[in-house]
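Undergrad: Please read through the structure below; I'll follow up with questions.
The values are calculated or read from the model by the stated rules, or taken from the named source; none is laboratory data. Here the structure is a predicted model, which is why all the values come from computation and not from measurement. Positions of Cβ are generated from backbone atoms using ideal geometry, with glycine treated the same way; all protein chains shown enter the neighbour counts. Please note that ligands, DNA and RNA were not included when accessible areas were found on the heavy atoms of the full protein model with its side chains. Shrake-Rupley method; radii C 1.70, N 1.55, O 1.52, S 1.80 Å.
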Amino acid sequence: QVQLVESGGGLVQPGESLRLSCAASGISFRLYSMGWYRQAPGKQRELVAITPLGGNIDYADSVKGRFTISRDNAKNTVYLQMNSLKPEDTAVYYCNAKNQFLGYWGQGTQVTVSS
């Protein structure tokens, strides 16, 4: 059974930081591209950051220079370090694992940036 379990979300003030984690089980983690997506109320889900197999890490323009994605294959975990958070970063953040055949989603973790 595949599980992607996100954690680390919460309520923070503008300018603060959060670190999201996504622990994967039931997959050969090192064989999957891992990404973070987010969905704000009334908006479509969008890519935030991705660490693809054999490719370059990529970020949405809106988070470049503020967010950092990383993965620890020994722990089957992908992280999203979010600095200098803005109110427009408020969304549910989802972890995604995919390869050429399959894709999986976590249940999401809420991030709210508000003063």
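Undergrad: In terms of Cα to Cα distance under 22 Å, which lysines are near enough to Lys98, apart from those fewer than 8 places away along the same chain?
TA: Lys75
Undergrad: Moving on to the next point. Over region 47-115, what is the mean sequence separation of C-alpha contacts under 8 Å (at least six apart), divided by residue count, expressed as relative contact order in percent?
TA: Details: 86 pairs, mean separation 14.5, N = 69.
Once divided by the residue count of region 47-115, the mean separation gives 21 percent.
Undergrad: Hey, another quick one. Sorted from largest down, give the three principal axis spans of the alpha carbons of the chain, whole angstrom values.
TA: So the extents along the principal axes, rounded to whole Å, are 41, 27, 27.
Undergrad: Peptides 3-11, 58-66: what's the order by average Cβ count within 10 Å, highest mean first?
TA: Peptide ranking by packing, descending: 3-11, 58-66.
Undergrad: So, for the chain, what is the accessible surface per residue at a probe of 1.4 Å, expressed in square angstrom? Please list the in-between numbers first.
TA: On the way: 6230 Å² over 115 residues.
Per-residue value: 54 Å².
Undergrad: How do 72-82, 89-99 rank on mean C-beta neighbours within 10 Å, highest first?
TA: Descending mean neighbour count gives 89-99, 72-82.
Undergrad: Moving to a separate point now. Estimate the FRET efficiency between Gln1 and Ile57 by the formula 1/(1 + (r/R0)^6), using the beta-carbon distance for r and 30 Å for R0, to the nearest 0.05.
TA: 0.55
Undergrad: Summarise the accessible area of region 17-115 (1.4 Å probe, protein heavy atoms) by the percent that is carbon and sulfur.
TA: So the carbon and sulfur contribution to the accessible surface is 46 percent.
Undergrad: Within 10 Å, count the other beta carbons around each residue, average over each peptide in 20-26, 42-48, and list them highest first.
TA: 20-26, 42-48
Undergrad: Another question, if that's okay. Divide, for region 7-50, the radius of gyration over alpha carbons by 2.2 N^0.38 Å, where N is the residue count.
TA: Cα Rg divided by the expected 2.2 N^0.38 Å: 1.43.
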